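Heads up: the structure comes next, in structure tokens.
A short reminder: the numbers here are calculations on the coordinates, not readings from a lab. Quantities reported herein were computed from a predicted structural model and do not represent experimental measurements. Ideal geometry is used to build each Cβ from the backbone, glycine not excepted, and the neighbour counts take in all protein chains shown.
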Amino acid sequence: MNNGNEPAYMRQLSELCRKGRLPAEAGVHHIDIYHDDWCASFRGGACDCEPEIKIRAWPRHIGRVGRA
């Protein structure tokens, strides 16, 4: 539930989830959130920018023994 104080990046992640754009398979996934230099989150405040979001999944072969 959004009470109006939800950071922009959480709204963006929720939208990506609704659109099926987040990885669905099991594994190690990284979601990088790049805030603008002027964002209040760097000064202890709540995020007030529209950060860039990048989703990275580790290659499937990493961590498997005997498979390439």
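Remarks
- With an a/c value of 1.5 or above and a/b larger than b/c for the gyration tensor axes a ≥ b ≥ c computed over the alpha-carbon atoms, the stretch 8-57 is described as prolate.
- Between the listed residues Q12, P51, G27, the Cα displaced farthest toward the positive end of the dipole of the stretch 8-57, a dipole computed from Cβ unit charges relative to the Cα centre, is found at G27.
- Subtracting the Cα-Cα distance of E52 and Y34 from 0.36 nm times their residue separation leaves 6.0 nm of extension gain.
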